[in-house]
Amino acid sequence: MTTARPIENLFHSRVRAGSKRLFWVGLLMAIAGIAAILFPIVSTLASTIFVGWSLLLGGFFLLVGAFSVHGTGHFFGALLVTLLMIAAGVFLLFNPLAGALVLTILLGVLFMLQGAVEFAFAIEMRPNPPWIWMLLSALASIILAVIIAAGLPGISLVALGLLIGVNFLTTGLGYIFMSRAVA
């Protein structure tokens, strides 16, 4: 029992020592989140372009890796995945509006699947009191998926930017509150 105390003190002392840095990181994240929420189209397009460049660069790196397994059965699979990544990156970079639509549809599908899995998990947990929180999370994911599907294609211009903005804002606030609590 006494071994947990020094680790806890070490953790708290490190967080306390970095509290000013955490505050400023949190503040910058919150400001970026507010900007993304206020300008969702800009943040959606920036996100789409970022994902496009990530896929393109990752595809080129994987292309080099694919040729390192040339002559094996895995070469053609690796080459196919690589070429698909490069093609997806090029598509997103040259068609950011259509890319935002595709990413929004994928996000809607992801939310629907997440909601279904969480719903099943909530039903399995049902005798235990916290099952209701899992059910609420499942319903929120499904509702988000339905809102995205109902708003397509127009919602694709703002959905990614708003979600990123909310994520940045809540992360930033979390860092700010944590830094103030330990200072």
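In this view, the solvent-accessible surface of Val109, computed with a 1.4 Å probe and all protein chains in place, comes to about 80 Å².
At full extension, Ile49 and Leu139 could sit 29.3 nm farther apart than now, given 0.36 nm per residue minus the alpha carbon distance. Given their separation in residues at 0.36 nm each and the Cα-Cα distance between them, Phe177 and Val117 gain 18.4 nm when the chain is fully extended.
Relative contact order of the chain, taken over Cα pairs closer than 8 Å and 6 or more residues apart, is 41 percent. Modelled this way, with points 7 Å down the Cα-to-C-beta line, the labels at His70 and Leu110 are 3.5 nm from one another. Remark: the chain carries 64 Å² of accessible area per residue (probe radius 1.4 Å; ligands, DNA and RNA excluded). Given their separation in residues at 0.36 nm each and the Cα-Cα distance between them, Lys20 and Leu80 gain 16.9 nm when the chain is fully extended. Of Glu118, Glu124, the order by accessible heavy-atom surface (1.4 Å probe, DNA, RNA and ligands excluded), from most exposed downward, is Glu124, Glu118. Peptides 169-182, 90-103 ordered by packing proxy, namely the average of other Cβ atoms within 10 Å per residue, highest first: 90-103, 169-182.
The orientation-averaged projected area of the convex hull spanned by the Cα atoms of the chain comes to 16.3 nm². Residue ranking by accessible heavy-atom surface, 1.4 Å probe, largest first, among Ile142, Ile86 comes out as Ile142, Ile86. Put a dot 7 Å past the Cα of Ala35, heading toward its Cβ, do the same for Leu97, and the two dots end up 2.5 nm apart.
The values are calculated or read from the model by the stated rules, or taken from the named source; none is laboratory data. From a predicted model like this one, the values you see are computed outputs, not experimental measurements. We place every Cβ from the backbone using ideal geometry, glycine too, and count neighbours over all the protein chains shown. What goes into the accessible areas is simple: the full protein's heavy atoms, side chains included, and nothing from ligands, DNA or RNA. Shrake-Rupley method; radii C 1.70, N 1.55, O 1.52, S 1.80 Å.
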